[in-house]
Amino acid sequence: MRLGFVLYGNLGMLSGGFLYDRILVEHCRRRGHAVEEFSLPWRPYGWGLAHNFSPVLTRRLADAPWNLMLQDELAHPSLFRLNRRLRRRGAPPLVAVVHHLRCREERPAWQNLLYRLVERRYLASVDGFIFNSMDTRRSVEALLPAPKPFVVAPPGGDRFASYPDEAEIAARTRAAASLRLLFLANVMPRKGLHALVRALAALSHEKWELEVVGSLTVEPGYTRAVRRQVEAAGLAGRVHFRGPRYGCDVAACLASSHLLTVPSSLEGFGIVYLEAMGFGLPVIASRHGGARELVVHGENGFLVAPGDLEALITHLDLLLKDRQKLLDMSLASRRHFARHPTWAESAGRAVRFLEQFPQAP
């Protein structure tokens with residue numbers, strides 16, 4: 001089978017969605033399928049819409065020798081109308097890989113109305129879906145008049161070489177004087193770092209340290225604003241901006257932390273939550289989106305509604321003061337991770353779906 005994968009940027013980019021795409025492509029190739037990456041320039045939303053009227057782009061995609069075309073739904077601004085033109089030119093079937101919908105993100109209602117109109121047209125233009133969670137599936141089907149073929153293939157969390165056992169997790173939890181918090185995400189408004197800093201400012205009398213690991217350049221204006229917030233709260237010596245980390249460095253960050261805190265406004269799934277559970281970290285996550293399929297509130301973490309500062313403070317305060325509760329939740333996280341499907345199992349399910357999908361000759 002010859003596959004094309006259309007996406008913004010490239011498969012090496014740093015985020016959970018690109019990790020998912022990259023591992024999916026790796027498994028397709030291991031099954032003997034040829035996959036060609038087709039990169040579109042990542043531009044502001046309005047510039048992306050202009051791709052729909054490009055005869056050059058239409059011709060390049062329509063003439064590609066693929067049996068099946070995969071598209072990362074993130075690139076929907078460039079494809080929502082172009083896909084219809086491709087279909088008229090005899091392009092192969094189109095399958096969208098959907099991580100989460102832009103129109104579900106937190107922003108003014110009028111903006112999301114416009115995004116929803118474009119996104120709905122895009123979703124209607126493809127033939128099938130690979131979803132990363134049941135929540136993502138439900139959000140897509142709510143926009144479509146009729147269901148289409150799909151597979152739900154949740155991400156795995158087992159990309160690292162080794163994980164701590166329960167004895168190591170217990171020793172780590174009991175040994176440290178200060179609670180080591182980890183924010184592992186690109187620094188952007190949707191991930192909620194500003195809310196976390198506000199909560200920690202209310203707990204400045206407690207013993208904690210926060211490591212911020214992720215790109216600081218995705219939205220530099222927001223990063224500067226959070227840095228000023230940290231300074232104004234007198235937390236500069238306790239909040240450490242480390243920038244992006246890769247591979248073994250990410251594993252080292254997880255292994256040396258006690259608690260993952262990424263109170264996003266929305267996550268389609270939240271791969272980082274699952275990966276943290278592999279290292280025995282309880283998770284403070286968003287109540288909106290796919291994290292509800294991972295986090296059992298009060299057992300292996302806490303789910304917080306966007307903007308609920310009091311709940312965030314309450315949960316942090318509990319784990320700062322009660323090491324036994326922290327340990328119980330840490331062990332529950334590790335056990336939940338052990339029951340979750342691996343990358344091989346989930347990616348294999350997605351690849352089998354593609355193999356059974358009707359293909360162009």
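Would you mind finding the one in Ala195, Ala225, Ala199 that is within 23 Å of Gln324 (Cα to Cα), touching a residue at least 24 places away in the same chain (Cβ under 8 Å) and not in a strand (DSSP E or B)?
Ala199
Let me confirm something: among Trp42, Trp66, which residue is surrounded by fewer than 16 Cβ atoms within 10 Å (Cβ to Cβ), on the phi < 0 side of the Ramachandran plot and in contact (Cβ under 8 Å) with a residue 12 or more places away in the chain?
Just one listed residue meets the conditions, Trp42.
Take residues that are of a type outside the set (Gly, Ala, Ser) and under 23 Å from Pro189 (Cβ atoms) and tell me which of the helices (runs of 4 or more DSSP H) falling wholly in segment 1-106 contain 3 or more.
Filter on segment 1-106 gives 16-30, 45-49.
Does Glu231 meet the test of being assigned by TED's automatic domain parsing to the domain that holds Met277 and either free of Cβ contacts under 8 Å to residues at least 24 places away in the same chain or over 22 Å from Ser286 (Cα atoms) (or both)?
Spelling it out, Glu231 is indeed assigned by TED's automatic domain parsing to the domain that holds Met277 and either free of Cβ contacts under 8 Å to residues at least 24 places away in the same chain or over 22 Å from Ser286 (Cα atoms) (or both).
Mind counting the residues in segment 250-305 that are outside any loop (DSSP other than H, G, I, E, B) and not hydrophobic (A, V, I, L, M, F, W, C)?
12
Please verify whether Arg138 is touching a helix residue (DSSP H, G or I) at 6+ places or on another chain (Cβ under 6 Å), surrounded by fewer than 18 Cβ atoms within 10 Å (Cβ to Cβ), part of a helix (DSSP H, G or I) and of a type in the set (Lys, Arg), treating the condition exactly as stated.
Answer is no for this residue.
Mind checking which residues of segment 33-89 are over 26 Å from Leu114 (Cα atoms) and among the hydrophobic types (A, V, I, L, M, F, W, C)?
Ala34, Val35, Phe38, Val56, Leu61, Ala62, Ala64, Trp66, Leu68, Met69
Can you list residue pairs whose Cβ atoms sit under 8 Å apart, with the first residue in segment 255-270 being closer than 15 Å to Glu293 by Cβ and the second being of a type in the set (Phe, Trp, Tyr) and outside any loop (DSSP other than H, G, I, E, B)? Count only pairs 6 or more apart in sequence or on different chains.
Final answer for the pair search is Glu267/Tyr273.
I'd like to verify a number: residues in segment 318-347 that are among the hydrophobic types (A, V, I, L, M, F, W, C) and farther than 11 Å from Leu281 by Cα, how many?
So the count comes out to 7.
Could you grab me the full set of residues in segment 107-135 that are assigned to a helix (DSSP H, G or I), more than 18 Å from Gly17 (Cβ to Cβ) and of a type outside the set (D, E, K, R)?
The answer is Ala109, Trp110, Gln111, Asn112, Leu113, Leu114, Leu117, Val118, Ala124, Ser125.
Of all residues in segment 157-168, how many are more than 20 Å from Asp249 (Cβ to Cβ) and in a helix (DSSP H, G or I)?
2
The values are calculated or read from the model by the stated rules, or taken from the named source; none is laboratory data. Here the structure is a predicted model, which is why all the values come from computation and not from measurement. Using ideal geometry, Cβ is built from the backbone for each residue, glycine included, and neighbour counts are taken over all protein chains shown.
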